[in-house]
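Trainee: Mind looking over this structure? Questions follow.
The values are calculated or read from the model by the stated rules, or taken from the named source; none is laboratory data. Only a predicted model underlies this, so the values are computations on that prediction, with no experimental measurement involved. When we count neighbours, we look across all protein chains shown, and the Cβ atoms used for this are built from the backbone with ideal geometry, even at glycine. With ligands, DNA and RNA removed, areas are computed over all heavy atoms of the protein, side chains included. Shrake-Rupley method; radii C 1.70, N 1.55, O 1.52, S 1.80 Å.
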Amino acid sequence: LLALCLASCLLAPGCRGAQGRFAYKLLHDLFANYSSALRPVEDTDWALNVSLQVTLSQIIDMDERNQVLTSYLWVRQAWLDAHLTWDKDAYDGIDSIRIPSSYVWRPDIILYNNADDRFGGSMETNVVLRSDGHIMWDSPAITKSSCKVDVSYFPFDWQRCRLTFGSWTYNGNQIDLRNQLDTGDLTDFVENVEWEVLGMPATRNVVTYGCCSEPYPDVTYTLLLRRRASFYIFNLLLPCIMVSFLAPLGFYLPADSGEKVSLGVTVLLALTVFQLLVAESMPPSESVPLIGKYYIATMTMITASTALTIFIMNIHHCGPGARPVPPWARRLILHHMAWLCCVYEVGESCKSPQRAPGRRVGRGDAGVVGESLGGGDVGAEAGGCPRDRCLCHHDSLLRNVSYIAGCFRRQRAAQRWTGEWKKVAKVMDRFFMWIFFLMVFLMSVLVLGKAA
């Protein structure tokens, strides 16, 4: 009869809230004489085992300049409360209840390397309390942790950021903190556009601090991060490489264009802007990033190329008062280096008329022409008009013709020397162009190889 009455009561609509009444009674009985201020152990000499498990949900930000990692974590803590146990058969089979976390005692597990100025803790979520006294507390938290950032290989760097959790007031004799798994949980991780997570191993450490003689255990999660370098390659590295290859082309520009020095200065200013962009995002430390070293080396090379361009332009624009090319420079530059750089026809030398096979090469073609002009006049005098019967002032005419021939010879010699100096300048331009092209190529390969 009693069984029939209980069955009819359970099937009736008014009896469906019976378990709710048992839950209220259970809550009242559990916390009638309970204090959340004391450590819940039967013997105060015993250590309370607390297990910790961290799930990485998202990497929000990595501030390299301030060396702060902002991440979104799910922190799970589990322990046994000896004062919160019940017989589930006495409460209509209730095996677990969910209550606010402020009702129960909670271990003061905090992030040791917290870098948040507000020092915000975990969210006040409910705890799951089981009939055997086991409590499981899952709470999400947005943490800002200090992380030593090494940017020596930026943008091909990888970082090791540590998240150290431990009790602030309880030592190892009171709370025995242990990691539930050997690694952090990454199953629910949201991929980051800048950083790739390689792993999150967990280690338990026992540290004795200088303030206290008791050991303090902690659990350290090491977040292994590798930067996704595609963004920086396409926005910082490739533009720098392309701009760097423009610098040697300044030697290929004609000297009369007037743009050789302007190109070098423009390239130097462009690299300075890229260098400032990198410096703004990097921490002010002694370790210079790899891309910064590449920028500095390229800027030094462009500065040297601009200085060499000014020197070569000074050689190119030698005036009529220039000295002849020294023999060593003629042999080294106009022969060996010109052959090496494939410079065969330079300046006015390729435009000079072809000499007749029987013509004498003396002080220059101009000298031959002048001498032939002078000789023609003398021959005309000898064969045409005798000196005693000439009506013109023959001596004055000879002096004038000789003066004009001398000026013409000097002019042709100065033009020949100017053309040779222009040839020297062009050969040096080609030589330094290939040298600087080789330097840019080797620096680019060195940077990429070192990054690999």
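Trainee: Run the reach check for LYS260 against lysines, Cα to Cα strictly under 18 Å, same-chain hits fewer than 8 apart removed. What comes back?
Mentor: LYS422, LYS423, LYS426
Trainee: Follow-up. Of LEU224, LEU269, LEU84, which has the most accessible area and how do the rest follow, probe 1.4 Å?
Mentor: Descending accessible area places them as LEU269, LEU224, LEU84.
Trainee: At 7 Å along the Cα-to-beta-carbon direction for both ASP45 and GLU194, put a label point, then send me their distance in nm to one decimal.
Mentor: 5.4 nm
Trainee: What part of the accessible area of the range 21-227, given as a whole %, is carbon or sulfur when the probe is 1.4 angstrom?
Mentor: 50 percent
Trainee: With unit charges on the beta carbon (Lys/Arg positive, Asp/Glu negative), name the residue among SER51, ALA32, VAL190 whose Cα is farthest towards the positive pole of the charge dipole of the range 21-227.
Mentor: The residue sitting farthest along the positive end of the dipole is VAL190.
Trainee: Quickly work out the PHE245-to-ASN400 label distance, labels modelled 7 Å from Cα along the C-beta direction, and quote it in nm with one decimal.
Mentor: 6.4 nm
Trainee: Whole-Hz Karplus ³J(HN,Hα) for the range 153-162, in order, using 6.51 cos²θ - 1.76 cosθ + 1.60 and θ = phi - 60°, x for Gly and Pro?
Mentor: Calculated HN-Hα couplings, in order: 10, 4, x, 10, 9, 9, 10, 10, 9, 9 Hz.
Trainee: Which whole number in µm²/s is D for the range 21-227 by Stokes-Einstein, with the Kirkwood Rh taken over Cα pairs at 4 °C and 1.567 mPa s?
Mentor: Working: Rh = 18.7 Å.
Translational D for this selection: 69 µm²/s.
Trainee: Shifting gears a bit: Provide MET337, MET433 ordered by accessible surface of protein heavy atoms (probe 1.4 Å), highest first.
Mentor: The residues order as MET337, MET433, largest area first.
Trainee: Once you place label points 7 Å from the Cα toward the Cβ at PHE311 and LEU181, how far apart are they in nm?
Mentor: 6.5 nm
Trainee: Can you give the accessible area per residue of the range 21-227, in Å², using a 1.4 Å probe?
Mentor: On a per-residue basis, 52 Å².
Trainee: Now a separate question. Report the accessible area of ASP45, computed with a 1.4 Å probe over the heavy atoms of all protein chains in place, in Å² rounded to the nearest 10.
Mentor: 130 Å²
Trainee: Would you pull out the residues with amide H under 5 Å of GLY184's amide H, same chain only if 5 or more places away, H placed 1.01 Å from N?
Mentor: Amide H neighbours of GLY184: MET200, ALA202.
Trainee: Can I ask one more? With a 1.4 Å probe and all protein chains in place, put LYS426, LYS450 in order of accessible area, largest first.
Mentor: Result, largest first: LYS450, LYS426.
Trainee: Right, something else. Over 17 Å, how big is the tail of the calculated P(r) for the range 178-310, in percent of all Cα pairs?
Mentor: 72 percent
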